[in-house]
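Please read the structure below before turning to the comments.
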2 protein chains.
Amino acid sequence: MSEIPGLRSAAGEQQGRQIPPASLARLTIYLRALNSLLAEGIERVSSDELAEAAGVNSPMLRKDLSYLGSYGTRGVGYDVQYLNSQISTALGLSQDWRVAIVGAGNLGRALAGYSGFQSRGFEVVALFDADQLIVGTEVGWLRVSPVQDLATVLGRTRANMAVLAVPAGVAQSLCDELVDAGITSILSFAPVVLQIPDHVQLRKVDMATELQILAYHAQRAQDPDLESGPRARAAQ
Amino acid sequence: MSEIPGLRSAAGEQQGRQIPPASLARLTIYLRALNSLLAEGIERVSSDELAEAAGVNSPMLRKDLSYLGSYGTRGVGYDVQYLNSQISTALGLSQDWRVAIVGAGNLGRALAGYSGFQSRGFEVVALFDADQLIVGTEVGWLRVSPVQDLATVLGRTRANMAVLAVPAGVAQSLCDELVDAGITSILSFAPVVLQIPDHVQLRKVDMATELQILAYHAQRAQDPDLESGPRARAAQ
DNA sequence: CAGTGTGAACACATTCACAGCA
DNA sequence: TGCTGTGAATGTGTTCACACTG
């Protein structure tokens, strides 16, 4: 059992093609599901089962996987371990990512202590704050550094990603500092539009936006407005 | 200045149509930008200016606004105050939303104290935790309630939305309790796929997913792979 | 023959050019 | 004249049916 399909060109195959953004987002979910299966000691899954676990339908799952290559066995399914490692390398999770968190308020501390990072190949290597009362305190295994030392500490810790967990007002200037220090991947929780150069990747999470979207749907659900033809059930 | 276009059928117009999900997400950004302009005392904006402030291009902004109705003035632009209120009512932000936060760890506390909620029409009315050491403590204006009292407290506080900020392992059962207690809008930060009935709206934020997506792009940027024709710059 | 992999059909989102109005 | 509003064209994402294979 679990014979591993052709290993030639280990992480290669159709690596050159861009994975469509929508698929990319779902691949991370499949990875999570595969890790759960792995933890349960399950060795094989069918696309139906994995799709169920990931909350999508199986044709979509298969199409998503097809952007990476053909890692399943027809009539059988996927080897959990093998598929897991294939997706991981495709997503670039085989190298170590060193994350700096800027802002050690509740959110920054929550992120610093979030086990989901460590367990999925991200190491938090620095934590910054501007508040003198917070600087120097310990959060988990980390000591909070002063933002003044941003560039220095980023260099020393060889951080290659950053998370912005600071108030909106100071986000742009700190973002600029991160970029100047050579960071090219930033995840921002600040509720502002950040200006960045082309070569920098920025992703944003805005919790108020999420609630507003929920509010919109909730409002429509309660007013029995013009609920037109096709049942408008927003997918998970 | 600022003559207000036809008020007949106040919040009506083409309210019946569903706003496309992609537009909906951006409308919340426009709202944020309009609030900033309002704070600066600016009364009018053109689609170019507002698009710039929101980090999108202006045809897209105009198309998004067109799903709500025609609230601009040709040759002039938009009245900031008026457009702000039109988008707000379209999104259902004119009624009061009462949010319960389940989980008073660092993340839950960060959310409870997040000024972006209060300022945008969301009131945090309850905060729950399972840990006896945390129950009873104060976070901002709130006292942490025991999860055992979930249904009771949700009823008393008339919460109509919930945020799940709990570990993956207990998310599903708490989600079920929320649903049983009549909550139909849930924002989950737990890194698991949640099972929900059709009438419940669920949105998910997964920070590890965000970092993984960044990792993918960063990996591609460093390996000068097959960088094919069209410059693959992931939009903000 | 069960279950993967994928091309072709469909639905949705974005872009663009320009008509229409203050 | 300047800027909004929108239909038509393009591009992207999803669904589906089924060919293919272990």
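For region A:97-209, give the share of DSSP beta bridges that are antiparallel, in percent and rounded to the nearest 5; count only bridges with both residues there.
10 percent
Once the Cα gyration tensor of the protein assembly as shown is diagonalised, what are the square roots of 5 times its eigenvalues, in whole Å and ordered largest first, as equivalent ellipsoid semi-axes? Could the numbers behind the result be given before it?
Numbers: eigenvalues 244, 146, 144 Å².
Ellipsoid half-lengths, sorted descending, are 35, 27, 27 Å.
Starting from the Cα of A:L133, step 7 Å toward the Cβ, then list every residue of region A:108-122 with an amide N under 17 Å from that point. Only A:108-109 fall inside the zone, counting backbone N under 17 Å. In this assembly of identical copies, the label point of B:S115 (Cα plus 7 Å along Cα-to-Cβ) is separated from its counterparts by 3.4 nm, sorted shortest first. Taking the longest Cα principal axis of chain A as reference, the axis of helix A:207-222 is set at about 50 degrees. Each Lys and Arg Cβ is given +1 and each Asp and Glu Cβ -1; about its Cα centre, chain A then shows a dipole of about 440 debye. Listed by chain and number, the lysines whose C-alpha is less than 28 Å from the C-alpha of A:K63, apart from same-chain residues fewer than 8 away, are A:K204, B:K204. Farthest towards the positive end of the charge dipole of the protein assembly as shown, among the residues B:L154, A:Q212, B:G69, is the Cα of B:G69, using unit charges on the Cβ of Lys, Arg, Asp and Glu. Taking B:E52, B:E138, B:E210 in turn, the Gaussian network model of chain B (Cα-Cα springs below 10 Å) assigns the largest fluctuation to B:E210.
Here is the size of region B:38-112 from its Cα atoms: Rg then Dmax, 16.4, 52 Å. Rounded to two decimals, what ratio of Rg to Rh does region A:97-209 give with C-alpha atoms and a Kirkwood Rh? With Rh from the inverse mean 1/r over Cα pairs, Rg/Rh is 0.92. The mean accessible area for residues of the protein assembly as shown, using a 1.4 Å probe and ignoring ligands and nucleic acids, is 48 Å² per residue. Here the Gaussian network model covers chain A, with springs between Cα atoms less than 10 Å apart; of A:Y216, A:Y67, A:Y78, A:Y216 fluctuates the most.
In angstrom, the C-alpha Rg and Dmax of region B:41-170 are 19.7, 62. Summarising the amide proton neighbourhood of B:R203: residues at separation of 5 or more, or on other chains, whose placed amide H is nearer than 5 Å comprise B:I186, B:L187, B:S188. Of A:R143, A:R17, A:R158, the residue with the greatest mean-square motion in the GNM of chain A, using alpha carbon springs below 10 Å, is A:R17. Sorted from nearest, the other copies put their A:G75 label points 7.5 nm away, the label point being 7 Å from Cα in the direction of Cβ. Projecting the Cα atoms of B:G108, B:A90, B:I134 onto the dipole axis of region B:80-140, where Lys and Arg carry +1 and Asp and Glu carry -1 at the beta carbon, places B:A90 farthest toward the positive end.
With 0.36 nm allotted per residue and the present C-alpha distance subtracted, the A:D149-A:S70 stretch has 23.7 nm of extension available. For B:R17, the label point sits 7 Å beyond Cα toward Cβ; its separations from the matching points on the remaining copies run 3.5 nm, from shortest to longest. Evaluating 6.51 cos²θ - 1.76 cosθ + 1.60 at θ = phi - 60° for every residue in region A:185-197, the Karplus couplings come out as 10, 10, 10, 10, 9, 7, x, 9, 7, 9, 8, 9, x Hz, glycine and proline recorded as x.
Over region A:90-225, what percent of the accessible surface lies on carbon and sulfur atoms, probe 1.4 Å?
On the way: 2820 of 5500 Å².
Using a 1.4 Å probe with all protein chains present, region A:90-225 comes out at 51 percent carbon and sulfur.
The values are calculated or read from the model by the stated rules, or taken from the named source; none is laboratory data. Please read all numbers here as calculations on a predicted model, not as lab measurements. So basically every Cβ, Gly included, is an ideal-geometry build from the backbone, and we count neighbours across all protein chains shown. Accessible surface areas use protein heavy atoms only, side chains included; no ligands, DNA or RNA. Shrake-Rupley method; radii C 1.70, N 1.55, O 1.52, S 1.80 Å.
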